[in-house]
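Undergrad: Provided herewith is a single structure, encoded as C-alpha coordinates, for subsequent inquiry.
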Amino acid sequence: MPDTAMPSQSLPALPTGLLDALSGILGTRGVVTDLRDLEPHLSDWRGLYRGASPALIRPATTAELSACMRLLNAADVPVVPQGGNTSMVGGAMPDESGRQVIVSLSRMNRIRDLDPVDMTMVTEAGVILKTAQDAAAAAGCLFPLSLGAEGTATIGGVLATNAGGNTTVRYGNARDLMLGLEVVLPDGSVIEGLRRLRKDNTGYALRHLFVGAEGTLGFITAAVLRLFPRARSEATALCAVADEDAALALFRRFRDRDESAIRAFEYMSGQGMGFVLRHIEGAALPLAEPAEHYVLIDLASSRPDADLRGLLEAVLEGALEAGEVLDAALAESEAQRAALWRLREEHPEAQKREGASVKNDVSVPVSKVPELIRRSSEALRELIPGSRPVPFGHMGDGNIHMNLEQPEGMAPTDFLARSHEIMEAVNDVVRDLGGSFSAEHGVGRLKPDMLAAWRGGAELATMQAIKRALDPKGLMNPGKVLPA
Ligand code: FAD
Ligand code: MLT
Ligand code: ZN
(Lines give C-alpha, C1' and ligand atoms only; values in the text may rest on other atoms or scores of the structure.)
(Ligands and ions follow the chains in the order given, each with its own letter.)
Protein backbone atom coordinates (compact mmCIF):
# COMPACT_ATOMS: atom_id res chain seq x y z
CA MET A 1 0.00 0.00 0.00
CA PRO A 2 1.38 3.46 -0.84
CA ASP A 3 2.70 5.53 2.04
CA THR A 4 0.76 8.59 3.04
CA ALA A 5 2.18 12.09 3.53
CA MET A 6 4.93 12.47 6.12
CA PRO A 7 5.54 15.55 8.25
CA SER A 8 8.01 17.99 6.73
CA GLN A 9 11.64 17.17 7.36
CA SER A 10 14.25 18.64 9.64
CA LEU A 11 17.58 18.81 7.87
CA PRO A 12 19.84 15.91 8.90
CA ALA A 13 23.58 16.39 8.41
CA LEU A 14 25.70 14.54 5.90
CA PRO A 15 29.05 13.22 7.16
CA THR A 16 31.31 16.11 8.19
CA GLY A 17 32.98 17.86 5.32
CA LEU A 18 31.10 15.97 2.62
CA LEU A 19 28.88 18.88 1.63
CA ASP A 20 31.95 21.10 1.35
CA ALA A 21 33.71 18.50 -0.76
CA LEU A 22 30.66 18.20 -3.05
CA SER A 23 30.47 21.99 -3.35
CA GLY A 24 34.16 21.96 -4.18
CA ILE A 25 33.43 19.71 -7.17
CA LEU A 26 30.10 21.19 -8.27
CA GLY A 27 30.25 24.81 -7.16
CA THR A 28 27.47 26.28 -5.03
CA ARG A 29 24.93 26.05 -7.92
CA GLY A 30 25.42 22.34 -7.92
CA VAL A 31 24.47 21.62 -4.31
CA VAL A 32 20.96 22.39 -3.04
CA THR A 33 20.18 22.18 0.68
CA ASP A 34 17.58 24.91 1.10
CA LEU A 35 14.30 23.26 2.10
CA ARG A 36 12.23 25.48 -0.20
CA ASP A 37 14.34 24.49 -3.19
CA LEU A 38 14.29 20.83 -2.20
CA GLU A 39 10.52 20.79 -1.74
CA PRO A 40 9.44 19.95 -5.34
CA HIS A 41 11.86 17.02 -5.34
CA LEU A 42 10.40 15.40 -2.21
CA SER A 43 6.98 14.34 -3.50
CA ASP A 44 5.84 12.52 -6.60
CA TRP A 45 3.35 13.32 -9.40
CA ARG A 46 0.73 10.97 -8.00
CA GLY A 47 1.09 12.29 -4.45
CA LEU A 48 1.73 8.79 -3.10
CA TYR A 49 5.05 9.50 -1.41
CA ARG A 50 6.76 12.20 0.54
CA GLY A 51 10.44 11.76 1.28
CA ALA A 52 13.22 13.66 3.01
CA SER A 53 16.75 14.42 1.85
CA PRO A 54 19.78 16.26 3.18
CA ALA A 55 20.72 17.60 -0.27
CA LEU A 56 20.17 17.49 -3.98
CA ILE A 57 23.25 17.59 -6.17
CA ARG A 58 23.31 18.79 -9.77
CA PRO A 59 26.45 17.79 -11.64
CA ALA A 60 26.96 19.51 -14.98
CA THR A 61 29.26 16.87 -16.50
CA THR A 62 29.91 13.15 -16.39
CA ALA A 63 33.30 13.82 -14.75
CA GLU A 64 31.62 15.84 -11.98
CA LEU A 65 29.08 13.08 -11.32
CA SER A 66 31.85 10.49 -11.30
CA ALA A 67 33.87 12.50 -8.75
CA CYS A 68 30.78 12.99 -6.55
CA MET A 69 29.95 9.29 -6.64
CA ARG A 70 33.48 8.38 -5.54
CA LEU A 71 33.01 10.56 -2.46
CA LEU A 72 29.43 9.52 -1.70
CA ASN A 73 30.16 5.84 -2.17
CA ALA A 74 33.23 5.99 0.06
CA ALA A 75 31.09 7.69 2.73
CA ASP A 76 28.29 5.08 2.37
CA VAL A 77 25.71 7.70 1.41
CA PRO A 78 22.67 6.35 -0.48
CA VAL A 79 21.67 8.22 -3.64
CA VAL A 80 18.45 8.58 -5.64
CA PRO A 81 18.60 9.55 -9.33
CA GLN A 82 15.80 11.95 -10.24
CA GLY A 83 14.94 13.05 -13.78
CA GLY A 84 11.66 14.85 -14.48
CA ASN A 85 10.09 13.20 -11.40
CA THR A 86 7.10 11.94 -13.40
CA SER A 87 7.43 8.36 -12.17
CA MET A 88 4.11 6.64 -11.56
CA VAL A 89 5.64 4.23 -9.02
CA GLY A 90 7.62 6.51 -6.70
CA GLY A 91 10.86 5.51 -8.42
CA ALA A 92 12.57 8.89 -8.02
CA MET A 93 11.54 9.51 -4.40
CA PRO A 94 13.99 9.45 -1.50
CA ASP A 95 12.67 7.57 1.53
CA GLU A 96 11.77 9.21 4.85
CA SER A 97 15.13 8.54 6.54
CA GLY A 98 16.56 11.90 5.45
CA ARG A 99 19.81 10.12 4.49
CA GLN A 100 19.36 9.75 0.75
CA VAL A 101 20.95 12.38 -1.48
CA ILE A 102 18.95 13.20 -4.61
CA VAL A 103 20.99 13.40 -7.81
CA SER A 104 19.51 15.42 -10.65
CA LEU A 105 21.13 15.52 -14.07
CA SER A 106 19.06 18.54 -15.15
CA ARG A 107 22.25 20.52 -15.87
CA MET A 108 23.44 17.76 -18.19
CA ASN A 109 21.08 18.94 -20.88
CA ARG A 110 23.16 19.18 -24.03
CA ILE A 111 22.49 17.48 -27.32
CA ARG A 112 26.06 16.50 -28.06
CA ASP A 113 25.57 15.38 -31.62
CA LEU A 114 22.92 14.75 -34.25
CA ASP A 115 23.80 12.85 -37.41
CA PRO A 116 21.14 12.64 -40.14
CA VAL A 117 23.23 10.14 -42.13
CA ASP A 118 23.70 7.67 -39.28
CA MET A 119 20.23 8.71 -38.07
CA THR A 120 21.50 9.04 -34.50
CA MET A 121 21.40 11.68 -31.82
CA VAL A 122 23.65 11.79 -28.76
CA THR A 123 21.90 13.45 -25.85
CA GLU A 124 22.78 13.95 -22.24
CA ALA A 125 20.48 12.43 -19.64
CA GLY A 126 18.93 15.71 -18.47
CA VAL A 127 17.53 16.62 -21.89
CA ILE A 128 13.74 16.84 -21.72
CA LEU A 129 12.07 14.31 -24.02
CA LYS A 130 10.16 17.04 -25.90
CA THR A 131 13.43 18.93 -26.47
CA ALA A 132 14.95 15.79 -27.97
CA GLN A 133 11.91 15.36 -30.25
CA ASP A 134 12.15 19.01 -31.32
CA ALA A 135 15.89 18.75 -32.03
CA ALA A 136 15.29 15.72 -34.23
CA ALA A 137 12.44 17.51 -36.04
CA ALA A 138 14.60 20.59 -36.63
CA ALA A 139 17.05 18.31 -38.46
CA GLY A 140 14.24 16.86 -40.58
CA CYS A 141 14.18 13.60 -38.58
CA LEU A 142 11.96 11.93 -36.01
CA PHE A 143 12.67 10.77 -32.49
CA PRO A 144 9.47 8.81 -32.03
CA LEU A 145 9.15 8.19 -28.28
CA SER A 146 6.00 10.02 -27.20
CA LEU A 147 4.12 10.09 -23.90
CA GLY A 148 1.88 12.40 -21.91
CA ALA A 149 4.74 13.53 -19.67
CA GLU A 150 7.10 14.34 -22.55
CA GLY A 151 7.30 18.04 -21.59
CA THR A 152 8.85 17.07 -18.23
CA ALA A 153 10.31 13.57 -18.46
CA THR A 154 14.01 13.35 -19.32
CA ILE A 155 16.03 11.09 -21.59
CA GLY A 156 17.73 9.62 -18.51
CA GLY A 157 14.33 8.89 -16.96
CA VAL A 158 12.72 7.39 -20.04
CA LEU A 159 15.69 5.09 -20.56
CA ALA A 160 15.94 4.17 -16.87
CA THR A 161 12.26 3.14 -16.95
CA ASN A 162 12.30 1.76 -20.50
CA ALA A 163 9.28 3.97 -21.14
CA GLY A 164 6.70 2.98 -23.73
CA GLY A 165 4.00 5.43 -24.68
CA ASN A 166 1.87 5.98 -27.71
CA THR A 167 4.15 4.95 -30.55
CA THR A 168 5.56 1.73 -29.11
CA VAL A 169 3.31 -0.27 -31.42
CA ARG A 170 5.45 1.01 -34.31
CA TYR A 171 8.86 1.97 -32.93
CA GLY A 172 9.24 -0.11 -29.78
CA ASN A 173 10.08 0.94 -26.21
CA ALA A 174 12.86 3.31 -25.15
CA ARG A 175 15.21 0.32 -25.16
CA ASP A 176 14.60 -0.24 -28.86
CA LEU A 177 15.49 3.39 -29.57
CA MET A 178 18.87 3.23 -27.83
CA LEU A 179 22.15 2.19 -29.49
CA GLY A 180 24.70 3.16 -26.86
CA LEU A 181 24.99 4.49 -23.31
CA GLU A 182 27.39 6.35 -21.09
CA VAL A 183 26.96 5.25 -17.48
CA VAL A 184 28.44 6.27 -14.13
CA LEU A 185 28.55 3.28 -11.81
CA PRO A 186 27.91 3.54 -8.06
CA ASP A 187 31.66 3.63 -7.30
CA GLY A 188 32.16 6.50 -9.75
CA SER A 189 33.72 4.53 -12.60
CA VAL A 190 32.43 5.35 -16.08
CA ILE A 191 31.27 3.00 -18.83
CA GLU A 192 32.02 4.83 -22.09
CA GLY A 193 29.53 3.10 -24.34
CA LEU A 194 28.36 5.86 -26.66
CA ARG A 195 28.80 3.72 -29.76
CA ARG A 196 26.46 4.54 -32.61
CA LEU A 197 26.58 1.08 -34.11
CA ARG A 198 23.61 -0.82 -35.46
CA LYS A 199 25.50 -4.08 -34.95
CA ASP A 200 27.88 -4.75 -32.06
CA ASN A 201 28.28 -8.26 -30.63
CA THR A 202 31.20 -7.70 -28.30
CA GLY A 203 30.43 -9.49 -25.08
CA TYR A 204 27.49 -8.84 -22.80
CA ALA A 205 25.26 -6.00 -24.01
CA LEU A 206 25.82 -4.03 -20.81
CA ARG A 207 23.87 -1.03 -22.08
CA HIS A 208 20.65 -3.02 -21.85
CA LEU A 209 21.24 -3.70 -18.14
CA PHE A 210 20.79 -0.04 -17.30
CA VAL A 211 17.69 0.48 -19.44
CA GLY A 212 14.73 -0.43 -17.25
CA ALA A 213 16.90 -0.75 -14.10
CA GLU A 214 15.19 2.36 -12.69
CA GLY A 215 18.43 3.82 -11.39
CA THR A 216 19.30 0.84 -9.19
CA LEU A 217 22.54 -0.10 -11.00
CA GLY A 218 24.06 3.23 -12.05
CA PHE A 219 23.44 6.61 -13.64
CA ILE A 220 22.69 6.94 -17.32
CA THR A 221 24.51 10.17 -18.21
CA ALA A 222 24.18 10.18 -22.01
CA ALA A 223 22.75 8.02 -24.77
CA VAL A 224 22.96 7.41 -28.49
CA LEU A 225 19.36 7.43 -29.71
CA ARG A 226 17.97 6.16 -33.00
CA LEU A 227 16.28 8.57 -35.35
CA PHE A 228 13.78 7.83 -38.10
CA PRO A 229 12.53 9.58 -41.22
CA ARG A 230 9.94 12.17 -40.29
CA ALA A 231 6.30 11.66 -41.20
CA ARG A 232 5.26 13.34 -44.45
CA SER A 233 1.73 11.90 -44.55
CA GLU A 234 -0.56 11.50 -41.54
CA ALA A 235 -4.18 10.59 -40.84
CA THR A 236 -5.92 10.43 -37.48
CA ALA A 237 -9.40 9.38 -36.38
CA LEU A 238 -11.39 8.97 -33.20
CA CYS A 239 -13.95 6.18 -33.39
CA ALA A 240 -16.76 5.07 -31.17
CA VAL A 241 -16.67 1.27 -31.27
CA ALA A 242 -19.29 -1.29 -30.30
CA ASP A 243 -17.31 -3.04 -27.57
CA GLU A 244 -13.83 -4.26 -26.62
CA ASP A 245 -13.92 -7.03 -29.24
CA ALA A 246 -14.79 -4.49 -31.91
CA ALA A 247 -11.77 -2.41 -30.86
CA LEU A 248 -9.52 -5.43 -31.33
CA ALA A 249 -11.19 -6.33 -34.62
CA LEU A 250 -10.51 -2.79 -35.85
CA PHE A 251 -6.85 -3.10 -34.91
CA ARG A 252 -6.65 -6.31 -36.90
CA ARG A 253 -8.30 -4.68 -39.90
CA PHE A 254 -5.59 -1.98 -39.96
CA ARG A 255 -2.82 -4.46 -39.32
CA ASP A 256 -4.00 -6.75 -42.10
CA ARG A 257 -4.36 -3.87 -44.54
CA ASP A 258 -1.07 -2.07 -43.81
CA GLU A 259 0.68 -2.71 -40.49
CA SER A 260 3.49 -0.33 -41.39
CA ALA A 261 1.07 2.62 -41.43
CA ILE A 262 -0.02 2.26 -37.78
CA ARG A 263 1.74 4.82 -35.55
CA ALA A 264 -0.62 4.50 -32.59
CA PHE A 265 -3.72 2.54 -31.70
CA GLU A 266 -5.17 3.63 -28.37
CA TYR A 267 -8.25 2.41 -26.51
CA MET A 268 -10.36 4.58 -24.20
CA SER A 269 -13.48 3.82 -22.20
CA GLY A 270 -16.58 5.97 -21.97
CA GLN A 271 -15.79 6.45 -18.28
CA GLY A 272 -12.34 7.94 -18.92
CA MET A 273 -13.57 10.06 -21.81
CA GLY A 274 -16.31 11.38 -19.51
CA PHE A 275 -13.68 12.51 -16.99
CA VAL A 276 -11.70 14.28 -19.72
CA LEU A 277 -14.79 16.08 -20.99
CA ARG A 278 -15.71 17.08 -17.42
CA HIS A 279 -12.32 18.26 -16.18
CA ILE A 280 -10.21 19.39 -19.12
CA GLU A 281 -10.84 22.88 -20.36
CA GLY A 282 -11.68 23.04 -24.06
CA ALA A 283 -12.07 19.25 -24.44
CA ALA A 284 -14.99 18.39 -26.73
CA LEU A 285 -16.24 15.12 -28.19
CA PRO A 286 -16.36 15.39 -31.99
CA LEU A 287 -18.96 12.61 -32.31
CA ALA A 288 -22.76 12.73 -32.37
CA GLU A 289 -23.14 10.85 -29.09
CA PRO A 290 -20.99 9.63 -26.22
CA ALA A 291 -20.13 5.92 -26.34
CA GLU A 292 -18.91 3.20 -23.98
CA HIS A 293 -15.75 2.49 -25.99
CA TYR A 294 -13.43 4.56 -28.17
CA VAL A 295 -10.36 4.02 -30.26
CA LEU A 296 -7.85 6.62 -31.44
CA ILE A 297 -6.08 5.57 -34.64
CA ASP A 298 -3.04 7.41 -35.86
CA LEU A 299 -1.48 6.54 -39.21
CA ALA A 300 1.79 7.95 -40.53
CA SER A 301 4.21 7.43 -43.38
CA SER A 302 7.49 9.00 -44.44
CA ARG A 303 6.22 8.91 -48.03
CA PRO A 304 4.67 12.23 -49.07
CA ASP A 305 2.30 10.47 -51.48
CA ALA A 306 1.02 7.80 -49.09
CA ASP A 307 -2.77 7.85 -49.25
CA LEU A 308 -3.38 7.39 -45.54
CA ARG A 309 -6.65 9.23 -45.62
CA GLY A 310 -7.86 6.75 -48.25
CA LEU A 311 -6.61 3.85 -46.12
CA LEU A 312 -8.35 5.21 -43.03
CA GLU A 313 -11.64 5.74 -44.85
CA ALA A 314 -11.54 2.34 -46.53
CA VAL A 315 -10.88 0.43 -43.31
CA LEU A 316 -13.43 2.41 -41.31
CA GLU A 317 -16.05 1.89 -44.00
CA GLY A 318 -15.66 -1.89 -43.72
CA ALA A 319 -15.77 -1.68 -39.92
CA LEU A 320 -18.89 0.54 -40.01
CA GLU A 321 -20.62 -1.97 -42.26
CA ALA A 322 -19.66 -4.79 -39.91
CA GLY A 323 -21.11 -2.86 -36.97
CA GLU A 324 -17.72 -2.65 -35.22
CA VAL A 325 -17.43 1.10 -35.61
CA LEU A 326 -20.46 3.16 -34.60
CA ASP A 327 -19.22 6.62 -35.50
CA ALA A 328 -15.93 8.26 -36.45
CA ALA A 329 -14.35 11.71 -36.61
CA LEU A 330 -11.42 12.18 -38.99
CA ALA A 331 -8.99 15.02 -38.34
CA GLU A 332 -9.13 17.58 -41.15
CA SER A 333 -6.25 19.72 -39.90
CA GLU A 334 -3.25 19.65 -37.58
CA ALA A 335 -5.33 21.49 -34.97
CA GLN A 336 -8.03 18.82 -35.13
CA ARG A 337 -5.43 16.08 -34.90
CA ALA A 338 -4.00 17.70 -31.77
CA ALA A 339 -7.52 18.05 -30.30
CA LEU A 340 -8.19 14.32 -30.82
CA TRP A 341 -4.88 13.41 -29.19
CA ARG A 342 -5.63 15.71 -26.27
CA LEU A 343 -8.72 13.61 -25.47
CA ARG A 344 -6.36 10.68 -25.00
CA GLU A 345 -3.36 12.40 -23.43
CA GLU A 346 -5.39 14.14 -20.73
CA HIS A 347 -6.68 10.87 -19.28
CA PRO A 348 -4.15 10.79 -16.39
CA GLU A 349 -4.75 14.43 -15.48
CA ALA A 350 -8.56 14.11 -15.72
CA GLN A 351 -8.49 11.01 -13.56
CA LYS A 352 -6.42 12.86 -10.99
CA ARG A 353 -8.89 15.74 -10.89
CA GLU A 354 -11.86 13.40 -10.51
CA GLY A 355 -10.48 12.04 -7.22
CA ALA A 356 -8.30 9.26 -5.88
CA SER A 357 -7.36 6.50 -8.27
CA VAL A 358 -5.27 3.36 -8.33
CA LYS A 359 -3.22 2.56 -11.42
CA ASN A 360 -2.75 -0.90 -12.85
CA ASP A 361 -0.23 -0.63 -15.64
CA VAL A 362 -0.57 -4.14 -17.02
CA SER A 363 -0.03 -6.02 -20.26
CA VAL A 364 -1.42 -9.20 -21.78
CA PRO A 365 -1.10 -10.78 -25.22
CA VAL A 366 -2.93 -8.47 -27.65
CA SER A 367 -5.57 -11.11 -28.34
CA LYS A 368 -6.53 -11.11 -24.64
CA VAL A 369 -7.12 -7.36 -24.26
CA PRO A 370 -10.95 -7.53 -24.50
CA GLU A 371 -11.03 -10.28 -21.87
CA LEU A 372 -8.64 -8.32 -19.65
CA ILE A 373 -10.84 -5.23 -19.75
CA ARG A 374 -14.08 -7.10 -19.16
CA ARG A 375 -12.91 -9.45 -16.43
CA SER A 376 -10.90 -6.87 -14.50
CA SER A 377 -13.67 -4.28 -14.66
CA GLU A 378 -16.11 -6.83 -13.29
CA ALA A 379 -13.71 -7.91 -10.53
CA LEU A 380 -13.07 -4.30 -9.51
CA ARG A 381 -16.75 -3.35 -9.40
CA GLU A 382 -17.42 -6.40 -7.28
CA LEU A 383 -14.49 -5.62 -4.96
CA ILE A 384 -15.53 -2.01 -4.36
CA PRO A 385 -19.16 -1.35 -5.27
CA GLY A 386 -19.56 2.05 -6.88
CA SER A 387 -15.91 2.23 -7.94
CA ARG A 388 -15.32 3.25 -11.54
CA PRO A 389 -12.94 1.25 -13.76
CA VAL A 390 -11.07 3.46 -16.27
CA PRO A 391 -9.34 1.18 -18.76
CA PHE A 392 -7.36 3.02 -21.42
CA GLY A 393 -4.10 2.96 -23.27
CA HIS A 394 -1.90 1.22 -25.70
CA MET A 395 -4.15 -1.49 -27.10
CA GLY A 396 -1.83 -2.27 -30.01
CA ASP A 397 0.82 -3.32 -27.46
CA GLY A 398 -1.57 -5.27 -25.24
CA ASN A 399 -0.87 -2.63 -22.55
CA ILE A 400 -4.02 -1.34 -20.89
CA HIS A 401 -3.98 1.00 -17.91
CA MET A 402 -6.65 -0.83 -15.88
CA ASN A 403 -7.04 2.11 -13.54
CA LEU A 404 -9.75 2.40 -10.91
CA GLU A 405 -11.38 5.63 -9.77
CA GLN A 406 -12.82 5.88 -6.28
CA PRO A 407 -16.61 5.72 -5.79
CA GLU A 408 -18.19 9.16 -5.71
CA GLY A 409 -18.43 10.41 -2.14
CA MET A 410 -15.95 7.90 -0.67
CA ALA A 411 -13.08 9.35 1.37
CA PRO A 412 -9.94 9.17 -0.81
CA THR A 413 -7.90 7.76 2.10
CA ASP A 414 -10.42 4.93 2.60
CA PHE A 415 -10.20 4.12 -1.08
CA LEU A 416 -6.40 4.29 -1.24
CA ALA A 417 -6.16 2.08 1.84
CA ARG A 418 -7.43 -0.66 -0.45
CA SER A 419 -4.81 -0.07 -3.18
CA HIS A 420 -3.14 -3.40 -2.65
CA GLU A 421 -6.38 -5.37 -2.94
CA ILE A 422 -7.28 -3.40 -6.06
CA MET A 423 -3.95 -4.10 -7.73
CA GLU A 424 -4.13 -7.77 -6.80
CA ALA A 425 -7.68 -8.13 -8.17
CA VAL A 426 -6.39 -6.99 -11.57
CA ASN A 427 -3.18 -8.98 -11.23
CA ASP A 428 -5.19 -12.17 -10.71
CA VAL A 429 -6.81 -11.69 -14.11
CA VAL A 430 -3.52 -10.65 -15.71
CA ARG A 431 -1.72 -13.71 -14.36
CA ASP A 432 -4.47 -15.93 -15.69
CA LEU A 433 -4.10 -14.36 -19.13
CA GLY A 434 -0.31 -14.76 -19.20
CA GLY A 435 0.47 -11.07 -18.75
CA SER A 436 2.71 -8.77 -16.72
CA PHE A 437 1.96 -6.58 -13.69
CA SER A 438 3.93 -3.69 -15.17
CA ALA A 439 4.05 -2.92 -18.87
CA GLU A 440 5.70 0.47 -18.80
CA HIS A 441 5.74 2.38 -15.49
CA GLY A 442 8.09 -0.10 -13.83
CA VAL A 443 8.42 -1.38 -10.29
CA GLY A 444 9.83 1.60 -8.38
CA ARG A 445 9.02 1.81 -4.73
CA LEU A 446 5.42 0.72 -5.18
CA LYS A 447 5.80 -2.81 -6.47
CA PRO A 448 8.97 -4.64 -5.30
CA ASP A 449 6.74 -7.14 -3.49
CA MET A 450 5.05 -7.91 -6.81
CA LEU A 451 8.42 -8.44 -8.45
CA ALA A 452 9.26 -10.99 -5.77
CA ALA A 453 5.96 -12.78 -6.31
CA TRP A 454 6.05 -12.73 -10.12
CA ARG A 455 9.74 -13.11 -10.90
CA GLY A 456 10.97 -15.37 -8.09
CA GLY A 457 13.40 -18.27 -8.38
CA ALA A 458 16.34 -18.01 -10.74
CA GLU A 459 15.05 -14.81 -12.35
CA LEU A 460 15.01 -12.80 -9.13
CA ALA A 461 18.24 -14.43 -7.90
CA THR A 462 19.99 -13.34 -11.12
CA MET A 463 18.71 -9.79 -10.70
CA GLN A 464 19.97 -9.74 -7.12
CA ALA A 465 23.37 -11.09 -8.19
CA ILE A 466 23.69 -8.34 -10.80
CA LYS A 467 22.74 -5.74 -8.19
CA ARG A 468 25.35 -7.06 -5.74
CA ALA A 469 28.02 -7.10 -8.45
CA LEU A 470 27.49 -3.49 -9.51
CA ASP A 471 26.34 -1.96 -6.23
CA PRO A 472 27.75 -4.13 -3.42
CA LYS A 473 26.96 -1.53 -0.78
CA GLY A 474 23.33 -1.18 -1.95
CA LEU A 475 23.57 2.59 -2.22
CA MET A 476 21.95 3.12 -5.67
CA ASN A 477 18.27 4.00 -5.32
CA PRO A 478 17.71 1.73 -2.31
CA GLY A 479 14.25 0.27 -1.78
CA LYS A 480 13.37 0.40 -5.47
CA VAL A 481 12.67 -2.50 -7.83
CA LEU A 482 14.19 -5.38 -5.80
CA PRO A 483 12.48 -6.60 -2.65
CA ALA A 484 14.41 -5.91 0.58
P1 FAD B 1 11.85 10.12 -12.99
O2 FAD B 1 10.41 10.01 -12.66
O3 FAD B 1 12.58 11.26 -12.40
O4 FAD B 1 12.60 8.78 -12.61
C5 FAD B 1 12.09 7.54 -13.01
C6 FAD B 1 13.06 6.44 -12.57
O7 FAD B 1 14.27 6.52 -13.33
C8 FAD B 1 13.47 6.53 -11.12
O9 FAD B 1 13.65 5.23 -10.63
C10 FAD B 1 14.78 7.28 -11.16
O11 FAD B 1 15.58 6.97 -10.05
C12 FAD B 1 15.39 6.77 -12.46
N13 FAD B 1 16.24 7.73 -13.17
C14 FAD B 1 15.91 8.97 -13.59
N15 FAD B 1 16.93 9.51 -14.27
C16 FAD B 1 17.93 8.59 -14.28
C17 FAD B 1 19.25 8.54 -14.81
N18 FAD B 1 19.76 9.56 -15.50
N19 FAD B 1 19.98 7.44 -14.63
C20 FAD B 1 19.49 6.38 -13.94
N21 FAD B 1 18.26 6.36 -13.40
C22 FAD B 1 17.50 7.45 -13.57
N23 FAD B 1 5.37 6.17 -18.88
C24 FAD B 1 5.33 5.38 -19.96
O25 FAD B 1 6.15 4.48 -20.08
N26 FAD B 1 4.37 5.55 -20.92
C27 FAD B 1 3.45 6.52 -20.86
O28 FAD B 1 2.61 6.63 -21.73
C29 FAD B 1 3.49 7.41 -19.74
N30 FAD B 1 2.60 8.42 -19.63
C31 FAD B 1 2.68 9.26 -18.58
C32 FAD B 1 1.80 10.33 -18.50
C33 FAD B 1 1.85 11.20 -17.43
C34 FAD B 1 0.90 12.36 -17.37
C35 FAD B 1 2.81 11.01 -16.40
C36 FAD B 1 2.90 11.94 -15.22
C37 FAD B 1 3.69 9.95 -16.47
C38 FAD B 1 3.64 9.06 -17.55
N39 FAD B 1 4.52 7.99 -17.66
C40 FAD B 1 4.48 7.18 -18.76
C41 FAD B 1 5.49 7.71 -16.58
C42 FAD B 1 6.80 8.54 -16.65
O43 FAD B 1 6.64 9.69 -17.41
C44 FAD B 1 7.91 7.69 -17.24
O45 FAD B 1 8.23 6.66 -16.36
C46 FAD B 1 9.19 8.47 -17.56
O47 FAD B 1 10.05 7.62 -18.25
C48 FAD B 1 9.91 9.00 -16.32
O49 FAD B 1 10.88 9.97 -16.72
P50 FAD B 1 11.44 11.04 -15.69
O51 FAD B 1 12.55 11.78 -16.32
O52 FAD B 1 10.34 11.85 -15.14
O53 FAD B 1 12.06 10.09 -14.57
C1 MLT C 1 -0.62 6.96 -20.10
O2 MLT C 1 -0.41 6.16 -21.01
O3 MLT C 1 -1.28 7.99 -20.26
C4 MLT C 1 -0.10 6.67 -18.72
O5 MLT C 1 0.98 5.78 -18.84
C6 MLT C 1 -1.21 5.97 -18.00
C7 MLT C 1 -1.59 6.33 -16.62
O8 MLT C 1 -1.54 7.46 -16.19
O9 MLT C 1 -2.05 5.41 -15.91
ZN1 ZN D 1 0.83 4.52 -20.85
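Undergrad: Where in the stretch 145-214 are there helices (runs of 4 or more DSSP H), lying fully within it, with 2 or more residues that are in contact with a Gly (Cβ under 8 Å, 6 or more places away or on another chain) and within 22 Å of residue 44 (Cα to Cα)?
TA: Result: 155-160.
Undergrad: Something else about it: Of all the residues that make up the stretch 16-48, how many are loosely packed, with under 14 Cβ neighbours inside 10 Å, without any contact (Cβ under 8 Å) to a residue 24 or more places away in the chain and under 30 Å from the mean Cα position of the chain (by Cα)?
TA: 4
Undergrad: Restricting to the stretch 137-160, count the residues that are over 21 Å from residue 195 (Cα atoms) and among the polar types (S, T, N, Q).
TA: The number of residues fulfilling the criteria is 2.
Undergrad: So, of the residues in the stretch 226-246 that are touching a helix residue (DSSP H, G or I) at 6+ places or on another chain (Cβ under 6 Å) and assigned to a helix (DSSP H, G or I), which turns out to be farthest from residue 392 (Cα to Cα)?
TA: Result: 245.
Undergrad: Only one of 107, 99 is part of a loop (DSSP other than H, G, I, E, B) and within 13 Å of ligand 1 (Cβ to nearest atom). Can you tell me which?
TA: 107
Undergrad: Looking only at residues in the stretch 77-96 that are more than 16 Å from ligand 2 (Cβ to nearest atom) and in a loop (DSSP other than H, G, I, E, B), which one is nearest to the chain's Cα centre (by Cα)?
TA: Ranking the qualifying residues of the stretch 77-96, first place goes to 93.
Undergrad: Right, here's the next one. Which one of the conditions (1) under 19 Å from residue 335 (Cβ atoms); (2) surrounded by fewer than 18 Cβ atoms within 10 Å (Cβ to Cβ) does residue 238 fail to meet, given that it meets all the rest?
TA: That leaves (2) as the condition not met.
Undergrad: Let me ask another. Can you pull out every residue in the stretch 128-164 that is within 16 Å of ligand 3 (Cβ to nearest atom), more than 19 Å from residue 181 (Cα to Cα) and crowded, with 17+ Cβ neighbours inside 10 Å?
TA: Residues satisfying the conditions are 146, 147, 148, 149, 150.
Undergrad: Output the helices (runs of 4 or more DSSP H) that fall wholly within the stretch 390-484 and possess 1 or more residues being touching a residue at least 12 places away in the same chain (Cβ under 8 Å) and within 14 Å of ligand 1 (Cβ to nearest atom), or say none.
TA: 448-454, 457-470
Undergrad: Tell me which of these residue 312 doesn't satisfy, since it passes every other one: (1) surrounded by 20 or more Cβ atoms within 10 Å (Cβ to Cβ); (2) out of contact with any Phe, Trp or Tyr (no Cβ under 9 Å at 6 or more places or on another chain).
TA: (2)
Undergrad: Can you pull out every residue in the stretch 371-383 that is surrounded by fewer than 20 Cβ atoms within 10 Å (Cβ to Cβ) and touching a residue at least 24 places away in the same chain (Cβ under 8 Å)?
TA: Answer for the stretch 371-383, where residues must be surrounded by fewer than 20 Cβ atoms within 10 Å (Cβ to Cβ) and touching a residue at least 24 places away in the same chain (Cβ under 8 Å): 371, 374, 375, 379, 383.
Undergrad: Which count do you get for residues in the stretch 349-358 that are closer than 20 Å to residue 264 by Cβ and either away from ligand 2 (no atom under 14 Å from the Cβ) or buried (at least 21 other Cβ atoms within 10 Å of the Cβ) (or both)?
TA: 2
Undergrad: Looking at residue 125, is it surrounded by 22 or more Cβ atoms within 10 Å (Cβ to Cβ) and within 16 Å of ligand 2 (Cβ to nearest atom)?
TA: no
Undergrad: If you go through the stretch 119-138 one residue at a time, do you hit one that is of a type in the set (Ser, Thr, Tyr), assigned to a helix (DSSP H, G or I) and without any contact (Cβ under 8 Å) to a residue 40 or more places away in the chain?
TA: yes
Per-residue answers, yes or no, for (1) over 19 Å from the mean Cα position of the chain (by Cα); (2) within 16 Å of ligand 3 (Cβ to nearest atom); (3) modelled with pLDDT of 95 or more:
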| site | (1), (2), (3) |
| --- | --- |
| 166 | no, yes, yes |
| 169 | no, yes, yes |
| 172 | no, yes, yes |
| 190 | yes, no, yes |
| 195 | yes, no, yes |
| 211 | no, no, yes |
| 215 | no, no, yes |
| 222 | no, no, yes |
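Undergrad: Report, by residue number, each residue of the stretch 373-389 that is closer than 29 Å to residue 172 by Cβ, assigned to a helix (DSSP H, G or I) and within 15 Å of ligand 2 (Cβ to nearest atom).
TA: 373, 376, listed by residue number.
Undergrad: In addition: Test residue 211 against the stated conditions and say whether it is away from ligand 2 (no atom under 16 Å from the Cβ), farther than 30 Å from residue 323 by Cα, touching a residue at least 24 places away in the same chain (Cβ under 8 Å) and in contact with a strand residue (DSSP E or B) (Cβ under 8 Å, 6 or more places away or on another chain).
TA: Yes.
The values are calculated or read from the model by the stated rules, or taken from the named source; none is laboratory data. Owing to the predicted nature of the structure, the values given are computational and were not obtained by experimental measurement. Every residue, glycine among them, receives a Cβ derived from its backbone with ideal geometry; neighbour counts consider all protein chains shown.
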